Amino acid sequence: MLSRSQQVKDLVTRLPVSGGIVSRYVPGERISEVIGAVRSLAEDGLTASIDFLGEDTTDEEQAEATVLAYLELLEALHAEGLARQAEVSLKLSAVGQALPEVGAKVSLENARRIARAARFAGTAVTLDMEDHTTTDQTLETLRELRKDYPETGAVLQSYLRRTEDDCRALAYEGSRVRLCKGAYNEPGTQAFTDRHEVDKSYVRCLKILMAGQGYPMVATHDPRLVKIAGALATRFGRVQGSYEFQMLYGIRSEEQKRLAASGEQVRVYVPYGHQWYGYLMRRLAERPANLTFFLRSLLSQK
Ligand code: FDA
């Protein structure tokens with residue numbers, strides 16, 4: 001409800017990023033700030049996946065601006081010697097997927113430009129997954145991209161009823177699959193709506209990925225699922241580094257460091273840029289306690 005209110009959006013986007021709840025989840029709006037965040041994660045033995053914030057573009061110019069922002073970011077990672085520490089995450093809707101008629105073509109071409117720049121910089125792209133109406137198109141784009149850039153990763157969401165099948169299809173050698181629960185408001189026809197069903201689906205999907213030939217990326221903060229992932233890795237004879245854990249910037253940071261210190265490969269998803277509103281709203285919606293804190297800090301600004 002909050003995320004759809006223009007009034008709330010106007011009020012919130014006037015808040016400085018540097019203070020309060022925004023900076024907990026988003027290290028900044030500029031490249032220099034995200035580079036600083038990647039550097040300090042690296043000091044703790046953590047790698048990163050950087051997301052230039054923005055989504056649902058229906059404007060070709062905006063899509064082009066997003067591509068240019070990624071190219072600039074990749075150049076900076078290369079120049080700073082951080083390309084081994086950081087890959088990039090990309091939402092296809094930010095580079096034109098939602099454009100009427102030409103969306104599939106434009107977003108594939110734009111994703112290709114970013115994948116090429118990532119390869120040149122010495123890193124790779126992972127395609128984020130958005131709401132269920134885009135899943136088929138995103139997987140089709142992934143197939144096309146992988147013909148030239150097989151290092152491109154994908155995201156699957158355990159709340160979708162289809163995801164076990166998608167895991168089977170993607171559990172092949174060289175395939176990097178990030179498994180998360182899913183963050184969009186989906187209808188019961190497409191997704192499990194009960195949290196326990198989503199968790200059970202997560203475990204079934206994880207078994208398929210851990211048993212397969214690909215590189216599973218276990219994206220969750222859920223302590224039970226983190227434990228189960230470790231047990232499944234052992235059961236399927238995987239050594240540390242043949243899979244990885246992933247968490248979001250600012251969430252369970254101590255656990256991120258603990259896992260890295262125990263020898264696990266851990267990647268932190270780091271968003272940056274001025275379009276942080278939608279991302280922040282999804283993080284707040286995940287935890288009612290955050291929402292209360294957020295509303296209090298909003299009121300104190302008035
Ligand atoms: P769950 O929500 O059950 O949380 C488990 C525990 O984690 C909570 O009890 C709490 O301790 C902590 N926690 C979780 N969220 C928190 C928050 N916002 N603030 C504070 N604590 C919190 N989704 C998607 O649809 N498409 C995508 O491409 C991605 N990409 C992605 C990448 C990475 C690296 C991660 C970690 C996650 C995503 N997601 C995503 C988001 C994902 O789908 C999901 O919404 C969140 O990760 C929260 O789910 P958990 O698995 O953490 O479990």
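None of the figures in this text is laboratory data; all of them are computed from the coordinates on show. Keep in mind the model is a prediction, meaning the values are calculated, not measured. Ideal geometry is used to build each Cβ from the backbone, glycine not excepted, and the neighbour counts take in all protein chains shown.
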With 0.36 nm assigned to each residue of separation and the Cα-Cα distance removed, residue 10 to residue 140 gains 43.2 nm
How do 66-76, 225-235, 210-220 rank on mean C-beta neighbours within 10 Å, highest first? 210-220, 66-76, 225-235
The chain, helix-only ellipticity at 222 nm - DSSP H runs n ≥ 4, -39,500 (n - 2.57), divided by all residues, nearest 500: -15500 deg cm²/dmol
Under 15 Å from a point 7 Å along the Cα-to-Cβ line of residue 253: which residues of region 260-274 have their amide N that close? 268-271
If Rh is defined by the Kirkwood formula over all Cα pairs and Rg also comes from Cα, what ratio Rg/Rh do you get for the chain? 0.94
For a Förster distance of 35 Å, can you work out the FRET efficiency between the beta-carbons of residue 42 and residue 289, rounded to the nearest 0.05? 0.70
Between residue 102 and residue 204, with labels modelled 7 Å along Cα→Cβ, what's the label distance in nm to one decimal, could you check? 4.2 nm
